[in-house]
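Report on the structure given below.
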Amino acid sequence: MRYKLLQEGDIQVCVIRHPRTFLSKILTSKFLRRWEPHHLTLADNSVASATPTGYMENSISYSAIEDVQLLSWENAPKYCLQLTIPGGTVLLQAANSYLRDQWFHSLQWKKKIYKYKKVLSNPSRWEVVLKEIRTLVDMALTSPLQDDSIHQAPLEIVSKLLSENNNLTTQDHESIIVAIAPLLENNHPPPDLCEFFCKHCRERPRSMVVIEVFTPVVQRILKHNMDFGKCPRLRLFTQEYILSLNELNAGMEVVKKFIHSMHGPTGQCPHPRVLPNLVAVCLAAIYSCYEEFINSRDNSPSLKEIRNGCQQPCDRKPNLPLRLLHTSPDLVSQEATLTESRLKPVIVTSNEIHVEVERNNTANQKMTASVGNDSEPNLIDCLMVSPTCSTMSIELSAQADRILGCYVEILKMLSDYDDWRPALASLLQPIPFPKEALAHEKFTKELKYVIQRFAEDPRQEVHSCLLSVRAGKDGWFQLYSPGGVACDDDGELFASMVHILMGSCYKTKKFLLSLAENKLGPCMLLALRGNQTMVEILCLMLEYNIIDNNDTQLQIISTLESTDVGKRMYEQLCERQRELKELQRKGGPTRLTLPSKSTDADLARLLSSGSFGNLENLSLAFTNVTSACAEHLIKLPSLKQLNLWSTQFGDAGLRLLSEHLTMLQVLNLCETPVTDAGLLALSSMKSLCSLNMNSTKLSADTYEDLK
């Protein structure tokens, strides 16, 4: 039978019997008030009695208890314990046998723990100490008591023993670790014990103890830990354990097998805390690689500068890589005429880290637009304006380089699991890495694999994390686009990101406007090289009238006509524009109902047959139209009422309608497959007066948002 360890106030009813000669005062109350950490306390009462029962005035120390026994002789009082102490005995009577046994095991446990604390606080011979530790562990494992402190108390005793004795041999270390291993199967190690484990991982990474003992401990930490912020040494121990795995002969293969064991063999990881904990360990490890340079941000004088007499902050030059000054138009025009011979590199050194910034003669449109703006430059501006404007190379120490390589590789492994990818993308948005890491070419080059995995994932919750979380905050899309600090290709990743985002972004027009303002040059360059995605982007910019400047429009047209694919798409655009002009010409019916079972192709043929500039009411109820017909619906300038009852019109179509049909007043979506993702897009339709969402997958939260 299992018992709960007695806590403060757990004993409610008991009868205390004691020889009269031992007590100075006999009381009548039958209540044992509380348990102190090291004492059985017997409290006072004001009413005296001649019967030797009740409260005692003085407490009994656990160390004073010589023996604890269950009364078993004939005619003995029921459910009693006998405590033998100097000068006599004390009888405790419980209400039932279960409560009596609970008291019995709890008192024995408290008494033995007090004994082990005393014995192990003054170790003489380590053979004896090791034997006592094993006995202590066996006692904890075989105890019938159920409580977290039953296993934690021995671990804390051993932790204190190790922290106070630093002269142990490696063999002693491993013997102690093996001895306490059974207790670690279901318990986190205390902070001091984590420090001891970290030291062992660093000094003996190839020890079998690391594989056989530490592996289940780290697995339990990753599965059950809720917050590394409250126990940072657990995170540090996990970090050192993974690094020790990387030191084995197989290296990253061992780490990969460990990550796979944490995920499990199925397609869905059964432990929701594993991924956040692994990402937290990776972020902390990567941060530590650049920590020394990060700490120099406060611009405080280094030891060398103090020796040279530079003690005032005003005497020092600011760290150039961390903040770029705003550029004036005059300076831009002057730098455009400079020759390479006049360009000088600026080097910032921080012990093992060297950052070199080379100033070149190219000025970015974004940089020019920020002239006169006194606000803080954003993350990408602080690092680099364009690949030709500044380049940074960071050199880490050999140890930091190994740590960085290991944990970036782990992030790659995590991105390969389909079920982990949405949560991983969310954890990496906004960008959680320091500026120094983003300025490090090796880091951004290795991390590119993770961003590519996000860009290839068709799920919106994954690739939408490539964008910034809010306006003015740069995201992975800006970082890896041409002109970004991490862009090391000819725009292939940028084109891939644009392609996937255009396919799911419900604010297509806004996204195109952002591209036109910030990335028009790279888009035109890639279109000139025949990239089909960028050709489509330029055609959409012309079709949606994103570009106001006539010269820019002509330049886009020239770019499109310079390639075969561009020429073909531009001709198709011109044909659509002619059809659109005819479609929107005033005239035609004001109401139109499509026959049931009609398809998207039928609707397209109908709208291409004449003018529908006056069409205000369109019913597509009980037809087979899908979201694809939205491309035709947005061309109806006067449409105010749209009936889509019992069609296959989905979220993608709703997103398109919300951007273009701003005058729509009545919309019927009854029995359509739309979800919350599409319905939320309707919040931008301010003219909407009537909305039917019966028999849709509308949730209560989305309903409140729409209201």
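Based on what the data block shows, is L248 assigned to a loop (DSSP other than H, G, I, E, B) and either in contact with a helix residue (DSSP H, G or I) (Cβ under 6 Å, 6 or more places away or on another chain) or on the phi < 0 side of the Ramachandran plot (or both)?
yes
Residues of the range 250-298 being open to solvent by 30 Å² or more (accessible area, probe 1.4 Å) and of a type in the set (A, V, I, L, M, F, W, C), which ones?
Those that are open to solvent by 30 Å² or more (accessible area, probe 1.4 Å) and of a type in the set (A, V, I, L, M, F, W, C): A250, M252, V254, A280, L283.
Given the conditions (1) in contact with a Cys (Cβ under 8 Å, 6 or more places away or on another chain); (2) at pLDDT 90 or above, which single one is not true for P301?
Failed condition: (2).
Regarding the range 664-678, can at least one residue be identified that is among the charged types (D, E, K, R), under 27 Å from K510 (Cα atoms) and under 42 Å from the mean Cα position of the chain (by Cα)?
Among the residues of the range 664-678, at least one is among the charged types (D, E, K, R), under 27 Å from K510 (Cα atoms) and under 42 Å from the mean Cα position of the chain (by Cα), which makes the answer yes.
Would you mind stating whether V462 is over 26 Å from H660 (Cβ atoms), at pLDDT 90 or above and open to solvent by less than 10 Å² (accessible area, probe 1.4 Å)?
Against the criterion (over 26 Å from H660 (Cβ atoms), at pLDDT 90 or above and open to solvent by less than 10 Å² (accessible area, probe 1.4 Å)), V462 qualifies.
Name the one entry in K707, K686 that is without any contact (Cβ under 8 Å) to a residue 12 or more places away in the chain and not β-branched (V, I, T).
Within the list K707, K686, the selection yields K707.
Residues are listed down the side, and each one gets a yes or a no for (1) at pLDDT below 90; (2) in contact with a Pro (Cβ under 9 Å, 6 or more places away or on another chain); (3) surrounded by 20 or more Cβ atoms within 10 Å (Cβ to Cβ); (4) not small (G, A, S):
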position: L383; (1), (2), (3), (4): yes, yes, yes, yes
position: I451; (1), (2), (3), (4): no, no, yes, yes
position: A455; (1), (2), (3), (4): no, no, yes, no
position: L466; (1), (2), (3), (4): no, no, yes, yes
position: K473; (1), (2), (3), (4): yes, yes, no, yes
position: S481; (1), (2), (3), (4): yes, yes, yes, no
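Listed here are the residues, each with its yes/no results for (1) of a type in the set (S, T, Y); (2) within 30 Å of L538 (Cα to Cα); (3) open to solvent by 20 Å² or more (accessible area, probe 1.4 Å); (4) part of a loop (DSSP other than H, G, I, E, B).
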| position | (1), (2), (3), (4) |
| --- | --- |
| L580 | no, yes, yes, no |
| P589 | no, no, yes, yes |
| K597 | no, no, yes, yes |
| A601 | no, yes, yes, no |
| A604 | no, yes, yes, no |
| A628 | no, yes, yes, no |
| K635 | no, yes, yes, yes |
| S646 | yes, no, yes, yes |
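Working only within the range 92-139, note down all residues that are open to solvent by 60 Å² or more (accessible area, probe 1.4 Å) and farther than 21 Å from L183 by Cβ.
Residues satisfying the conditions are A95, N96, Y98, N122, S124, R125.
Determine which member of the set L691, L654, L667 is closer than 21 Å to T599 by Cα, outside any helix (DSSP H, G or I) and modelled with pLDDT of 85 or more.
Exactly one residue qualifies, and that residue is L667.
Scan the range 689-704 for residues that are over 15 Å from L644 (Cα atoms), touching a residue at least 12 places away in the same chain (Cβ under 8 Å) and in contact with a helix residue (DSSP H, G or I) (Cβ under 9 Å, 6 or more places away or on another chain) and report the count.
5
Looking at the range 451-474, I want the residues that are over 21 Å from D651 (Cα atoms) and have a partner that is open to solvent by 60 Å² or more (accessible area, probe 1.4 Å) and among the charged types (D, E, K, R) with Cβ atoms under 8 Å, at least 6 apart or on another chain. Which pairs are those?
As it stands, the answer is R453/D416, since those pairs meet every condition given.
Among the residues of the range 404-439, how many are in contact (Cβ under 8 Å) with a residue 60 or more places away in the chain, more than 27 Å from G267 (Cα to Cα) and open to solvent by less than 20 Å² (accessible area, probe 1.4 Å)?
6
Does E492 meet the test of being at pLDDT below 95, surrounded by fewer than 21 Cβ atoms within 10 Å (Cβ to Cβ) and under 22 Å from N518 (Cβ atoms)?
yes
Quick check: anything in the range 666-678 under 24 Å from N614 (Cα atoms), open to solvent by 10 Å² or more (accessible area, probe 1.4 Å) and in contact with a helix residue (DSSP H, G or I) (Cβ under 9 Å, 6 or more places away or on another chain)?
So far as the range 666-678 goes, no, none of its residues is under 24 Å from N614 (Cα atoms), open to solvent by 10 Å² or more (accessible area, probe 1.4 Å) and in contact with a helix residue (DSSP H, G or I) (Cβ under 9 Å, 6 or more places away or on another chain).
Within the range 525-543, does at least one residue satisfy the condition of being open to solvent by 30 Å² or more (accessible area, probe 1.4 Å), at positive phi and in a loop (DSSP other than H, G, I, E, B)?
Yes, the range 525-543 contains at least one residue that is open to solvent by 30 Å² or more (accessible area, probe 1.4 Å), at positive phi and in a loop (DSSP other than H, G, I, E, B).
The values are calculated or read from the model by the stated rules, or taken from the named source; none is laboratory data. Bear in mind that the values here come from a model prediction, so they are computed numbers and not experimental data. Neighbour counts are summed over all protein chains in view; Cβ atoms, including those assigned to glycine, are modelled from backbone coordinates with ideal geometry. Surface areas here come from the heavy atoms of the whole protein model, side chains and all, with no ligands, DNA or RNA. Shrake-Rupley method; radii C 1.70, N 1.55, O 1.52, S 1.80 Å.
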